[in-house]
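Bear in mind that the values in this text are calculations on the coordinates, not laboratory data. Bear in mind that the values here come from a model prediction, so they are computed numbers and not experimental data. Heads up, the Cβs are rebuilt from the backbone with ideal geometry, glycines too, and the neighbour counts pull from every protein chain shown.
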Ligand code: ATP
């Protein structure tokens, strides 16, 4: 579904991604883990077309070269980013935030189906439909941000740090919802600081370190890899 070869990204003179290679197959849940500043968010922003990949980078999704497309064209292809820090529109209602997630879609019936899907998944958002998004709790805002991404009916859903800043019970709830979204057929690329939890729900994992892929493999294999455990999972 997604194949990335020699992806390089710069912020001015800063060489943030130094030739990243990885792929995501249809139906998988793949996680990217790594320390602060490793390049996880930069990877998602480059795939989404928010940041420009340097020439020579290859990002192919369903046979299409994403490096030649604008961010809105990439959204239309069905690649949706749920950004770090949620970025909901605080002044708008929950419902209007969700509607904006479907801005690339035309079919009213399909959009209505997506509303039903999102409200089924997050019943708490139903009760708060008319409420301003800025007045929601952190966990509810995260649900709204994921719901808004789902309103694009993504083929590939990219989630950047969905558990960040949430209380432990909400972290569990968010991970279980991500697992559910995956189970219902959405392919997911998940960036997480909470590597232990991410590996529990992922099929495969890539570990980034200073802009390169340091390890990759089956999620179970990574959980048992001594180097990965010591450096990224906080175990001995
Ligand atoms: P974190 O978990 O802290 O968000 P990350 O793995 O997502 O880390 P990135 O945010 O992708 O890391 O950052 C990768 C590198 O790019 C870091 O060295 C960071 O300092 C640099 N960087 C990120 N954003 C910018 C920016 N807007 N301008 C300059 N450098 C940046």
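Quick notes on this one:
- Förster radius 25 Å - calculated FRET efficiency between residue 172 and residue 113, Cβ distance, rounded to 0.05: 0.30
- The spacing between segment 1-67 and segment 118-161, judged by their C-alpha centroids, is 25 Å.
- Highest mean packing comes first when the peptides 158-165, 4-11 are listed by Cβ atoms within 10 Å, giving 158-165, 4-11.
- Computed lengthening from residue 50 to residue 227, 0.36 nm per intervening residue step minus Cα-Cα distance: 60.4 nm
- Here segment 2-232 carries DSSP beta bridges of which approximately 55% are antiparallel, counting only pairs with both residues inside.
- Between helix 168-183 and the chain there is an angle of about 90 degrees, using the helix long axis and the longest principal axis of the Cα atoms.
- With respect to the chain, whose longest principal axis is taken over its alpha-carbon atoms, helix 138-150 is tilted by about 90°.
- Put a dot 7 Å past the Cα of residue 60, heading toward its Cβ, do the same for residue 179, and the two dots end up 3.5 nm apart.
- From most to least packed by mean Cβ count within 10 Å, the peptides 210-216, 145-151 give 145-151, 210-216.
- Taking 0.36 nm per residue of separation and subtracting the Cα-Cα distance, full extension of the segment from residue 96 to residue 23 would add 22.9 nm.
- Packing-based ranking of 42-54, 60-72 yields 42-54, 60-72, ordered from highest to lowest mean Cβ neighbour count within 10 Å.
- Largest to smallest principal axis extent of the C-alpha atoms in segment 106-180, angstrom: 38, 29, 18
- Each semi-axis of the equivalent ellipsoid for segment 2-232 is √(5λ) with λ an eigenvalue of the Cα gyration tensor; in descending order they amount to 28, 21, 16 Å.
- Cα gyration tensor category, rounded, prolate or oblate, for segment 151-219 with a/c compared to 1.5: oblate
- Applying 1/(1 + (r/R0)^6) with R0 = 25 Å to the Cβ-Cβ distance of residue 10 and residue 87 gives a FRET efficiency near 0.60.
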